Amino acid sequence: MATTGTSWKLADHPKLPKGKTIAVVVLDGWGEASPDKYNCIHVAETPTMDSLKTTAPDRWRLVRAHGTAVGLPTEDDMGNSEVGHNALGAGRIFAQGAKLVDLALASGKIYEDEGFSYIKESFANNTLHLIGLMSDGGVHSRLDQLQLLLKGASERGAKRIRVHVLTDGRDVVDGTSVGFAETLEKDLAELRGKGIDAQVASSGGRMYVTMDRYENDWEVVKRGWDAQVLGEAPHKFKNVVEGIKKLREAPNANDQYLPPFVIVDDNGKPVGPIMDGDAVVTFNFRADRMTMLAQALEYEKFDKFDRVRFPKIRYAGMLQYDGELKLPNHYLVSPPLIERTSGEYLVNNGIRTFACSETVKFGHVTFFWNGNRSGYFNKELEEYVEIPSDSGITFNVQPKMKALEIGEKARDAILSRKFDQVRVNIPNGDMVGHTGDIEATVVACKAADQAVKMILDAIEQVGGIYVVTADHGNAEDMVKRNKKGEPLVDKDGKVQIQTSHTLQPVSNNIKRRKSRLCRVR
Ligand SMILES: O=C(O)[C@H](O)COP(=O)(O)O
Ligand SMILES: [Mn+2]
Ligand SMILES: [Mn+2]
C-alpha cells in the first residue's frame, strides 16, 4: 500500500483481481507454538485452521507479532491487541505508547511539556493522584514508569501524592501483585523519608475495578470511581500489601478480580479521595481500558453512572487516549500519530467495509484498526456492527463467547455482496486464554475455528479472497516455561499457569477461493 504523499489513489494490486470480496479475519490471541497439552489450539478440534496450513502451505507463513517488529520497546515485550491491530490497520508499525513514554521519561521531556505544566499547578496546595495498572506487563502500563513519574513529580514540587493501583494477573502471572505492591510501598516510604506525604490510597482487580473497555460494563468503572474519588469501598485496609494478601485468601480469588478497597488512617478515614483542586494522572499508556475512566474524570456532562461528586480537578492522561474525541484534553506524552490507515484509504477509493466483533473486541477492528480513532471515516461506505458481549462473568464460563454470532454476521455481510472488505475479530483464544482455564480455552478455540469456517464458506460462495491472521499469541501456550521450554512448577509441584499473551509468532494465510491460486508478494 502506498503510504506517502498526499494522494489517496490506490494502485491496482499486481496479482489480486479487483472487485472480489475480501474477508479479513483476526483471531485474537492465536499464536503458533509446538504441540503439547498446554497448547489449547493444538488440543482443540480446529479443522478449518489446520486445513489452511496443510492445503496451501505456500500461502501460509509465520509473522512476528511481538517486540520491535510491531513497535514495542524490546524483544521481551509480548504482542498485544493495540499494537497488533494498529499495525494491521495501518500497514506500518509505529513506536507505541510504551516506547514513547520511556523516551519522554529518559529525556526528561515529559516534565517540560504542556501536560505536566498543567497538573503541576496543583502541586503547591493540593494532591497529585496517579491511577493505573500496577505491573511490569508492559501492555497497558509499567511499574518502572510509575516509579520514575513518582520520583520526577516529587522532585518537581509534588508534596502530597496518592496512588490508586489496579492489580493485574492478566498480563503477568496471577499472584505477582503482592510483589509489585511491596516494590511500590518501598518507593513511597523513601519519598516519605524525604518529607513527601506519599501513599497508596485505593486498589482493586483490573477486571472488576476501573479497567472495562468499549462500554461493556460501566459498573466496573463505577466501583473504581467510588474508591478512588469518593473514598468508598467494601473493604478497608491499613496498607495495600496487607489488602491484597487478605483479599487473595478468599476462595478462587485472583489478582484480576480483587474487589475494590481503600486505605484508611488510624481513625478509619480514607487517606486519598480526590478533591477539588487536585491533579490526577491516569498513568496507563494504552487507551482502550482508560477511556471510560477518562470520560468520567473529564466530562462535565456524564450519565453513565451517578458520580455523586464531580471534583474540579486538573486531569491528564499519560497519553491522549482518543485522537478523534481529543480525550483527555491534557496528556503527558503525545501519542503515536497513526495516520493514513487502510480504513481511510478504502473510503477514499470508494471501497465499502463491514467491520464486526463482540463488545470486548469491537474497538479492536474499529478504533485500534483506524489508528486509535473512534467513529467512521465515511458512514456511507462503512458499517460497524457490535455484538453485545456477556458482562459480569469471566469468559471461561461461556468460552464460546459470541464467535458464531460474529461468524453469522460476517457470512451475511459477505453473501449480501454489499461490501468489498469484511473484517472481524474473533476474541475467544485471547479472552478465555486470559482466564488461565485450559479446558475452557480448548472449547474457545474450537468455537473460533467454527466461526472461521462460516466466513470462509461464504467467501467460497462468492469467489472471494481471505486473509486469516492473528494479532499475537495467547491460547497456544498456557504455561510458564524455563529456558529449555519445560513447564515451570511452583513450590507445591503445580504447573505455573500463564494468563498473559506470548512471544510466539502468528500465522498469516492469504488465499483466493474458487479459482487458480495466486501468489501474494
Ligand atoms: O486488556 C487486556 O485484556 C489485556 O491486558 C491485553 O489483551 P489484548 O491486548 O488482547 O486486548
Ligand atoms: Mn489481542
Ligand atoms: Mn489479550
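Does region 178-186 contain at least one residue that is in contact (Cβ under 8 Å) with a residue 24 or more places away in the chain, open to solvent by less than 60 Å² (accessible area, probe 1.4 Å) and touching a Lys or Arg at 6+ places or on another chain (Cβ under 8 Å)? Break it down into steps so the answer makes sense when it comes.
Taking region 178-186 as the starting set, the residues that turn out to be in contact (Cβ under 8 Å) with a residue 24 or more places away in the chain are 178, 180-185.
Now restrict to residues that are open to solvent by less than 60 Å² (accessible area, probe 1.4 Å): 178, 180-181, 183-185.
If we keep only those that are touching a Lys or Arg at 6+ places or on another chain (Cβ under 8 Å) as well, we get 178.
Yes, some residue in region 178-186 is in contact (Cβ under 8 Å) with a residue 24 or more places away in the chain, open to solvent by less than 60 Å² (accessible area, probe 1.4 Å) and touching a Lys or Arg at 6+ places or on another chain (Cβ under 8 Å).
Return the residues of region 408-422 that are farther than 21 Å from Ser374 by Cβ, crowded, with 21+ Cβ neighbours inside 10 Å and among the basic types (Lys, Arg); say none if nothing qualifies.
Selection gives Arg411 alone.
Going through region 454-489 one residue at a time, which ones are assigned to a helix (DSSP H, G or I) and within 16 Å of ligand 3 (Cβ to nearest atom)? Break it down into steps so the answer makes sense when it comes.
Start the filter on region 454-489 by keeping residues that are assigned to a helix (DSSP H, G or I), which leaves 454-462.
Correct list: empty.
For Asn425, indicate whether it is at pLDDT below 95, outside any loop (DSSP other than H, G, I, E, B) and open to solvent by less than 30 Å² (accessible area, probe 1.4 Å).
Values: at pLDDT below 95: no; outside any loop (DSSP other than H, G, I, E, B): yes; open to solvent by less than 30 Å² (accessible area, probe 1.4 Å): yes.
No; evaluated as a whole, the condition is false for this residue.
So Pro505 passes all but one of these: (1) of a type outside the set (D, E, K, R); (2) open to solvent by less than 10 Å² (accessible area, probe 1.4 Å); (3) within 16 Å of ligand 2 (Cβ to nearest atom). Which condition number does it fail?
Status for Pro505: all satisfied but (2).
Which members of region 199-216 meet the condition of being surrounded by fewer than 24 Cβ atoms within 10 Å (Cβ to Cβ) and part of a strand (DSSP E or B)?
Scanning region 199-216 gives a single hit, Gln199.
For Ile93, work out the one condition from (1) in a loop (DSSP other than H, G, I, E, B); (2) touching a residue at least 24 places away in the same chain (Cβ under 8 Å); (3) β-branched (Val, Ile, Thr); (4) farther than 30 Å from Leu146 by Cβ it doesn't fulfil.
(4)
Against the conditions (1) more than 25 Å from Gly231 (Cβ to Cβ); (2) touching a residue at least 60 places away in the same chain (Cβ under 8 Å); (3) away from ligand 2 (no atom under 16 Å from the Cβ); (4) crowded, with 19+ Cβ neighbours inside 10 Å, where does Gly323 fall short? Just the number, please.
The failed condition is (2).
Could you tell me whether Lys514 is modelled with pLDDT of 95 or more, under 28 Å from Ala355 (Cα atoms) and more than 20 Å from the chain's Cα centre (by Cα)?
Values: modelled with pLDDT of 95 or more: no; under 28 Å from Ala355 (Cα atoms): yes; more than 20 Å from the chain's Cα centre (by Cα): yes.
For Lys514, the condition - modelled with pLDDT of 95 or more, under 28 Å from Ala355 (Cα atoms) and more than 20 Å from the chain's Cα centre (by Cα) - is not met.
Give the number of residues within region 78-97 that are out of contact with any Asp or Glu (no Cβ under 9 Å at 6 or more places or on another chain) and surrounded by fewer than 24 Cβ atoms within 10 Å (Cβ to Cβ).
Of the residues in that region, 5 qualify.
Has region 31-41 got any residue that is crowded, with 19+ Cβ neighbours inside 10 Å, part of a helix (DSSP H, G or I), within 16 Å of ligand 3 (Cβ to nearest atom) and touching a residue at least 40 places away in the same chain (Cβ under 8 Å)?
yes
Regarding region 345-358, can at least one residue be identified that is surrounded by fewer than 24 Cβ atoms within 10 Å (Cβ to Cβ) and either free of Cβ contacts under 8 Å to residues at least 60 places away in the same chain or among the acidic types (Asp, Glu) (or both)?
Yes; the residues of region 345-358 include at least one that is surrounded by fewer than 24 Cβ atoms within 10 Å (Cβ to Cβ) and either free of Cβ contacts under 8 Å to residues at least 60 places away in the same chain or among the acidic types (Asp, Glu) (or both).
Ala11 fails exactly one of the following numbered conditions: (1) closer than 22 Å to Glu439 by Cα; (2) away from ligand 2 (no atom under 16 Å from the Cβ); (3) hydrophobic (A, V, I, L, M, F, W, C); (4) assigned to a loop (DSSP other than H, G, I, E, B). What is the number of that condition?
Failing condition for Ala11: (1).
Of the conditions (1) modelled with pLDDT of 90 or more; (2) in contact with a Lys or Arg (Cβ under 8 Å, 6 or more places away or on another chain); (3) surrounded by fewer than 22 Cβ atoms within 10 Å (Cβ to Cβ); (4) in a helix (DSSP H, G or I), Asp58 satisfies every one except a single condition; which number is it?
(1)
Among the listed residues Glu339, Glu300, Glu405, identify the single one that is under 30 Å from Ala158 (Cα atoms), surrounded by fewer than 19 Cβ atoms within 10 Å (Cβ to Cβ) and charged (D, E, K, R).
On the way: Glu339 fails: under 30 Å from Ala158 (Cα atoms); Glu405 fails: under 30 Å from Ala158 (Cα atoms).
Unique residue meeting the criteria: Glu300.
Could you tell me whether any residue of region 457-467 is open to solvent by less than 10 Å² (accessible area, probe 1.4 Å), within 16 Å of ligand 1 (Cβ to nearest atom) and touching a residue at least 40 places away in the same chain (Cβ under 8 Å)?
Scanning region 457-467 turns up no residue that is open to solvent by less than 10 Å² (accessible area, probe 1.4 Å), within 16 Å of ligand 1 (Cβ to nearest atom) and touching a residue at least 40 places away in the same chain (Cβ under 8 Å).
Surrounded by 24 or more Cβ atoms within 10 Å (Cβ to Cβ), within 16 Å of ligand 2 (Cβ to nearest atom), among the hydrophobic types (A, V, I, L, M, F, W, C) and in contact (Cβ under 8 Å) with a residue 12 or more places away in the chain: does that describe Ala451? Explain how you work it out, then say what you get.
Numbers: surrounded by 24 or more Cβ atoms within 10 Å (Cβ to Cβ): yes; within 16 Å of ligand 2 (Cβ to nearest atom): yes; among the hydrophobic types (A, V, I, L, M, F, W, C): yes; in contact (Cβ under 8 Å) with a residue 12 or more places away in the chain: yes.
Spelling it out, Ala451 is indeed surrounded by 24 or more Cβ atoms within 10 Å (Cβ to Cβ), within 16 Å of ligand 2 (Cβ to nearest atom), among the hydrophobic types (A, V, I, L, M, F, W, C) and in contact (Cβ under 8 Å) with a residue 12 or more places away in the chain.
List pairs: first residue in region 491-504 and at negative phi and away from ligand 3 (no atom under 16 Å from the Cβ), second residue open to solvent by less than 60 Å² (accessible area, probe 1.4 Å) and among the charged types (D, E, K, R) anywhere in the structure, Cβ distance under 7 angstrom, at least six positions apart or on different chains.
What qualifies is Gln496/Asp490.
I want to confirm something. Restricting to region 54-81 and keeping residues that are touching a Gly at 6+ places or on another chain (Cβ under 8 Å) and within 16 Å of ligand 3 (Cβ to nearest atom), which single residue is farthest from Phe285 (Cα to Cα)?
Ala65
Yes or no: Gly392 crowded, with 18+ Cβ neighbours inside 10 Å and of a type outside the set (S, T, N, Q)?
On the way: crowded, with 18+ Cβ neighbours inside 10 Å: no; of a type outside the set (S, T, N, Q): yes.
Taking the combined requirement at face value, the residue does not satisfy it.
Would you confirm, using the coordinates I've provided, whether Glu249 is farther than 24 Å from Asp437 by Cβ and open to solvent by 50 Å² or more (accessible area, probe 1.4 Å)?
On the way: farther than 24 Å from Asp437 by Cβ: no; open to solvent by 50 Å² or more (accessible area, probe 1.4 Å): yes.
Judged against the criteria, Glu249 is not a match.
Residue under question is Glu386, and the condition is that it be open to solvent by 40 Å² or more (accessible area, probe 1.4 Å) and either over 21 Å from Glu344 (Cβ atoms) or of a type in the set (S, T, N, Q) (or both); does it hold? Give the derivation first.
Values: open to solvent by 40 Å² or more (accessible area, probe 1.4 Å): yes; either over 21 Å from Glu344 (Cβ atoms) or of a type in the set (S, T, N, Q) (or both): no.
No.
The values are calculated or read from the model by the stated rules, or taken from the named source; none is laboratory data. Note that this is a predicted model, so its numbers are computed, not measured. Note that we place each Cβ from the backbone using ideal geometry, even for glycine, and neighbour counts take in every protein chain shown. What goes into the accessible areas is simple: the full protein's heavy atoms, side chains included, and nothing from ligands, DNA or RNA. Shrake-Rupley method; radii C 1.70, N 1.55, O 1.52, S 1.80 Å.
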